[in-house]
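Please read the structure below before turning to the comments.
The values are calculated or read from the model by the stated rules, or taken from the named source; none is laboratory data. These numbers come from a predicted model, not from an experiment. Glycine also receives a Cβ, built like all others from the backbone with ideal geometry; neighbour counts cover every protein chain displayed. Accessible surface is based on the protein model in full, side chains and every heavy atom, while ligands, DNA and RNA are left aside. Shrake-Rupley method; radii C 1.70, N 1.55, O 1.52, S 1.80 Å.
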Amino acid sequence: MAAYYVNQHAQANGDHEVHVTGCSFMPANKTYLGDYESCQPAVAQAKLYYSQSNGCYYCCNACNTG
């Protein structure tokens, strides 16, 4: 299991990126989502905070929609 976080600040396209502990692009302003086996439930949890959430291209690529 790994700890997942969502960026509190949206990117230029409006996405709030989900990151896993250890990602080099982990934001300073983040919300803890919980510990999960994969990024899918973490992104689902992030969408409860921000409907436009997406996985980080680098650490959660399986959940990155572009």
Original post:
Looking at (1) loosely packed, with under 14 Cβ neighbours inside 10 Å; (2) modelled with pLDDT of 95 or more, which is the one condition that is false for HIS19?
Top reply: (1)
Subject >> Where a residue in segment 41-61 is polar (S, T, N, Q) and its partner, wherever it lies, is open to solvent by less than 40 Å² (accessible area, probe 1.4 Å) and assigned to a loop (DSSP other than H, G, I, E, B), with Cβ under 8 Å and at least six apart >> reply: GLN52/GLY14; GLN52/ASP15; SER53/ASP15; ASN54/ASP15
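Restricting segment 5-15 to residues that are outside any loop (DSSP other than H, G, I, E, B) and open to solvent by 20 Å² or more (accessible area, probe 1.4 Å), which is nearest to ALA42 (Cα to Cα)? Step through it out loud before you land on a result.
Taking segment 5-15 first, the residues outside any loop (DSSP other than H, G, I, E, B) are 5-7.
Keeping just the survivors that are open to solvent by 20 Å² or more (accessible area, probe 1.4 Å) gives 5, 7.
Numbers: TYR5: 8, ASN7: 12 Å.
So the residue we want is TYR5.
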Original post:
Which residues, counting only those in segment 4-43, are over 13 Å from ASN64 (Cα atoms) and acidic (Asp, Glu)?
Top reply: ASP35, GLU37
**OP:** Residue by residue through segment 24-63, note down the ones that are touching a Cys at 6+ places or on another chain (Cβ under 7 Å) and either of a type in the set (Ser, Thr, Tyr) or open to solvent by 20 Å² or more (accessible area, probe 1.4 Å) (or both).
**Re:** PHE25, GLN40, TYR58, CYS59, ALA62
